[in-house]
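Chemist: Here it is: the structure, laid out below.
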Amino acid sequence: MSIRNKVQLVGHLGKNPEIKTFGDSGKLARFSLATNESYKSKTGEWVEATTWHDLVAWGFVADRTERQLQKGSYVLIEGRLVQSDYTDKDGNKRYKTEVEVLRFMSLDKKANNDETVNEGTPRDYIKASVEDEDLPF
């Protein structure tokens, strides 16, 4: 059995992706995703809790993000957790956890019918994934 770092989220974008371009073809997209869960409180009332996730996408996936996603988009995200650290302006060490998006699929409905829009097609969804054969274990 292999151990994997894999994250799957379904939610709505909180704002338009921020895009940065590096050189001729490098691209980075940063955006946030809200997921919701419902549960019963101790008093028996249903409560809905929203969790915000910071996401980052690179290259081909960042390019698709720029073209296809905007604030409010309903999307399925697959990726992995990435942790980093930095020193703030006061000299304190800070830690940050983000989801690196490896692939996504739009779940938005078309305005005039109930078909799911899969802009980029499932082929793009698969193309942006990491192949198991490339893993060192």
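The values are calculated or read from the model by the stated rules, or taken from the named source; none is laboratory data. Small disclaimer: the values here were computed from a predicted structure and weren't measured. Every residue, glycine as well, gets a Cβ built from its backbone with ideal geometry; the counts of neighbours run over all protein chains shown. These accessible areas exclude ligands, DNA and RNA; they are computed on the full protein's heavy atoms, side chains included. Shrake-Rupley method; radii C 1.70, N 1.55, O 1.52, S 1.80 Å.
Chemist: Six or more apart or on different chains, Cβ atoms under 6 Å: show the pairs whose first residue is in segment 54-68 and within 16 Å of L33 (Cβ to Cβ) and whose second is acidic (D, E) and not in a helix (DSSP H, G or I).
Modeler: Listed by first residue and then by second, the contacts come to D54/E98; V56/E98; V56/E100; Q68/E119.
Chemist: Follow-up question, since we're still on this one. Condition first: open to solvent by 30 Å² or more (accessible area, probe 1.4 Å), among the hydrophobic types (A, V, I, L, M, F, W, C) and farther than 17 Å from G11 by Cα. Now tell me which residues in segment 41-66 satisfy that.
Modeler: Residues satisfying the conditions are W46, V47, W58, F60.
Chemist: Filter segment 73-88 down to the residues that are part of a loop (DSSP other than H, G, I, E, B) and at pLDDT 95 or above and list them by number.
Modeler: S73 - this is the single residue of segment 73-88 that is part of a loop (DSSP other than H, G, I, E, B) and at pLDDT 95 or above.
Chemist: Same structure again: Residue check: is T21 of a type outside the set (D, E, K, R), without any contact (Cβ under 8 Å) to a residue 12 or more places away in the chain and surrounded by 10 or more Cβ atoms within 10 Å (Cβ to Cβ)?
Modeler: Yes; evaluated as a whole, the condition is true for this residue.
Chemist: Mind checking which residues of segment 1-15 are under 21 Å from D108 (Cβ atoms) and open to solvent by 90 Å² or more (accessible area, probe 1.4 Å)?
Modeler: Q8, K15
Chemist: Considering L69, L81, which residue is of a type outside the set (V, I, T) and open to solvent by less than 20 Å² (accessible area, probe 1.4 Å)?
Modeler: After applying the criteria, what remains is L69.
Chemist: Let me ask you something else. Looking only at strands (runs of 3 or more DSSP E) that lie completely in segment 11-71, which have at least 1 residues being out of contact with any Lys or Arg (no Cβ under 9 Å at 6 or more places or on another chain) and modelled with pLDDT of 95 or more?
Modeler: 26-40, 46-58
Chemist: Take the residues of segment 26-40 that are open to solvent by 70 Å² or more (accessible area, probe 1.4 Å) and free of Cβ contacts under 8 Å to residues at least 24 places away in the same chain: which is nearest to the chain's Cα centre (by Cα)?
Modeler: Filtering first and then ranking leaves E37.
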